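Notes for the one structure printed next.
Just so it is clear, none of the values below were taken in a lab; they were calculated from the coordinates. In this text, all values refer to a predicted model and were calculated from it rather than measured experimentally. FYI the Cβ positions are ideal-geometry reconstructions off the backbone, even for glycines, and counts take in every protein chain you see.
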Amino acid sequence: MAVNIKATNTTLTPSIREFINDKLAQISNFIKEEDKIHVELEVNKKHKSGKIFRAEIDIQPRGNYAEAEGNDFFEAMDLLIPKIKEQLTKAKDKRVSLRRRRKKI
């Protein structure tokens, strides 16, 4: 699995990079080696309520995508991982159900 991390309007510190890799380890069971993961972190400084930190993840070629906003990058990633994990488990369950259904026929 190839991970590409992009930071917009901020700097990507080693602690944030390590945190993202730890969080991505939670979904490594659903990811194949040939999949490419694109993570983007962005700070919106011009929001009416102050800084908004946004994180998004895109898994290709599957086409899974999720995004979340929080008060900092760590909170945004904590909100993001369950969203993408739910999509991946739903897709895996669907594949397994179809495979089992074909065996019955």
From the set of residues in region 77-98 that are β-branched (Val, Ile, Thr) and over 23 Å from residue 16 (Cβ atoms), which is surrounded by the fewest Cβ atoms within 10 Å (Cβ to Cβ)? 96
Where the second residue is among the polar types (S, T, N, Q) and the first is surrounded by fewer than 15 Cβ atoms within 10 Å (Cβ to Cβ) and lies in region 6-25, which pairs have Cβ atoms under 9 Å and are six or more apart or on separate chains? 9/44
Just need a number here: residues in region 1-27 that are within 12 Å of the chain's Cα centre (by Cα), more than 25 Å from residue 46 (Cβ to Cβ) and aliphatic (A, V, I, L, M). 4
